[in-house]
Each structure stands twice: as structure tokens, then as C-alpha cells.
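**Q** Encoded as C-alpha cells, here's the structure I'll be asking about.
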Ligand code: NI
């Protein structure tokens, strides 16, 4: 398995609606292994298959206990295939997101605070969770990738979008 190049914002494949997974086979496991290697090599909290150039509905994410983000509860390592996200309630949080496809930049993005997500894992076993906070945020960010949406499209005011080093002092970065 291998670390793959990550597509950057502007590449058309990132703007496509990705196709559902229909076969739970060795090819899918190989894709997930490459996503996993790539996410870990870049110290990411999540990655979606289109980011390594494969337009299918697969995301992975994880947040370990991390001293850089003491305010965030850990998120278990999850492989989520064909996800469905259902917001719960109207409450939203704003957070400074980043993305492996938008390196060096950050933006203030509103996300649903509470949601339920459903889908299956890499073997087709069902997953259903009700989550909140950063866990809900990372799911929304990654599932957006499957619909061709990158976080800058969610920024309400472009003054709240810019280079990480220039924004230091006015933002608390979230894992990306
Ligand atoms: Ni991203």
C-alpha cells in the first residue's frame, strides 16, 4: 500500500459527486489502505477517496487524544462507506477548518452541532451513530467531499478565510 498524491482544490475530480460503492472486494480494501497511509503521512484527521483521485463514496476519519487539541474529545477510527447524514436540531457551531486539499489555508465554517450518520464499513457491516461537536464536524467535512464540496464553499464571509500563518492570533485551528 502507499501514500498517494492528494488532489488540490481546483482539480475537477474534487468537484464531482462520487459514485456509491457496490462491491466490497479487495479493490475497496486496497483503496482504504492507501487512504489510511496518506491520511497518516500527512497527519490528517480525515480523508475522502476523491482526494486521492478515486470518485467513490468512502471516507475515513480519526482523532486520537491530541495535546494540540485539548478541547476536543477523541473520535474513534472509522471507515464509512456510502454515508447518509441527518442533522438533528437547528444548532450550529463555527470552527476553523483546514483540508489536505487546501494546504496552508483555514476558514471559519458553520456546521450542524448534532447529527446522526449511517452507512457501512469496508466489509458491508452497518454503522449508525449519533454524535456532536468535532465528531459531527469531521463527518460533515468528509461527506461534503463526496458531493464535490470543499470547506471554502461553506465559509460565510471570505474575510474569515485565508492563510494559516496570517490568521494566527485570531483563530483556534481544528485538526484537518
Ligand atoms: Ni478535506
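The values are calculated or read from the model by the stated rules, or taken from the named source; none is laboratory data. These numbers come from a predicted model, not from an experiment. Neighbour counts run over all protein chains shown; Cβ positions are idealised from the backbone, glycine included.
**Q** Would a scan of the range 141-157 turn up a residue that is in contact with a strand residue (DSSP E or B) (Cβ under 6 Å, 6 or more places away or on another chain), more than 13 Å from the ligand (Cβ to nearest atom) and either assigned to a helix (DSSP H, G or I) or more than 23 Å from residue 17 (Cα to Cα) (or both)?
**A** Within the range 141-157, not a single residue is in contact with a strand residue (DSSP E or B) (Cβ under 6 Å, 6 or more places away or on another chain), more than 13 Å from the ligand (Cβ to nearest atom) and either assigned to a helix (DSSP H, G or I) or more than 23 Å from residue 17 (Cα to Cα) (or both).
**Q** Follow-up question, since we're still on this one. Kindly evaluate residue 133 against the criterion of being modelled with pLDDT of 95 or more, more than 16 Å from the ligand (Cβ to nearest atom), closer than 17 Å to residue 69 by Cβ and within 16 Å of the chain's Cα centre (by Cα). Reasoning before the result, please.
**A** On the way: modelled with pLDDT of 95 or more: yes; more than 16 Å from the ligand (Cβ to nearest atom): yes; closer than 17 Å to residue 69 by Cβ: yes; within 16 Å of the chain's Cα centre (by Cα): yes.
Yes.
**Q** Take the conditions within 16 Å of the ligand (Cβ to nearest atom), touching a residue at least 24 places away in the same chain (Cβ under 8 Å) and closer than 27 Å to residue 156 by Cβ and apply them to residue 50. Does it pass?
**A** Details: within 16 Å of the ligand (Cβ to nearest atom): yes; touching a residue at least 24 places away in the same chain (Cβ under 8 Å): yes; closer than 27 Å to residue 156 by Cβ: yes.
Considered against the rule, which asks whether it is within 16 Å of the ligand (Cβ to nearest atom), touching a residue at least 24 places away in the same chain (Cβ under 8 Å) and closer than 27 Å to residue 156 by Cβ, residue 50 comes out as yes.
**Q** Among residues belonging to the range 2-28 that are over 16 Å from the mean Cα position of the chain (by Cα) and closer than 26 Å to residue 65 by Cα, point out the one that is surrounded by the most Cβ atoms within 10 Å (Cβ to Cβ).
**A** Applying the filter and picking the extreme gives 4.
**Q** Among the residues of the range 95-102, is any away from the ligand (no atom under 14 Å from the Cβ), surrounded by 14 or more Cβ atoms within 10 Å (Cβ to Cβ), in contact (Cβ under 8 Å) with a residue 60 or more places away in the chain and assigned to a loop (DSSP other than H, G, I, E, B)?
**A** No, the range 95-102 has no match at all.
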